[in-house]
Amino acid sequence: MRIGFEVFDENIRNNVLRKGIPQSEIYRLSEIYRRLKKNNVDVEIIAYVLFGIEGVTEDEVIRSVREFNKLFSGVIAIRYKKYLPHHPQPVRVSKQLASFLEKNTLLVDWGEEDFWELKTKINHGEI
């Protein structure tokens, strides 16, 4: 199972990114995961962490990766891409953060691949 927590810090996750996921939910899922593993259930829970976004410092990205790695099977890091004008701005990613992510996550999605484009207008019943 993969879950887009985006960041470990509850304030940033819910007030900046507006995820609406309380810290208690992270710990509840971690406890479920721990119990399943203890009972030899073959399950993985992977946390998504967002980076390169205004409002989430590189130090907080690093902290998030470390904390989620302790609680779950691993982390996938996703580089933020702005899709709508009202979304936060992307920010530059340092070489230090890039190196840390490459070494401490299962996968880093740099956002360089083709992606689906979401249309924002409805024309003649088409989305």
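The values are calculated or read from the model by the stated rules, or taken from the named source; none is laboratory data. Here the structure is a predicted model, which means the values were calculated and not measured. Using ideal geometry, Cβ is built from the backbone for each residue, glycine included, and neighbour counts are taken over all protein chains shown.
Just a few scattered comments:
- Of all the residues in segment 1-35, those that are among the polar types (S, T, N, Q) and either surrounded by 13 or more Cβ atoms within 10 Å (Cβ to Cβ) or part of a strand (DSSP E or B) (or both) number 3.
- Search result, residues across segment 36-72 that are in contact (Cβ under 8 Å) with a residue 24 or more places away in the chain and part of a loop (DSSP other than H, G, I, E, B): 43, 44, 45, 52, 54, 55, 56, 72
- Tally, over segment 1-52, of residues that are closer than 18 Å to residue 109 by Cα and basic (Lys, Arg): 1
- Selection within segment 13-56 - β-branched (Val, Ile, Thr) and under 13 Å from residue 80 (Cβ atoms): 16, 49, 53, 56
- Under the condition of being of a type in the set (Lys, Arg) and either surrounded by 16 or more Cβ atoms within 10 Å (Cβ to Cβ) or assigned to a strand (DSSP E or B) (or both), the residues counted in segment 73-100 number 1.
- Checking residue 45 against (1) surrounded by fewer than 18 Cβ atoms within 10 Å (Cβ to Cβ); (2) farther than 13 Å from residue 67 by Cβ; (3) at pLDDT 95 or above, the condition it does not meet: (1)
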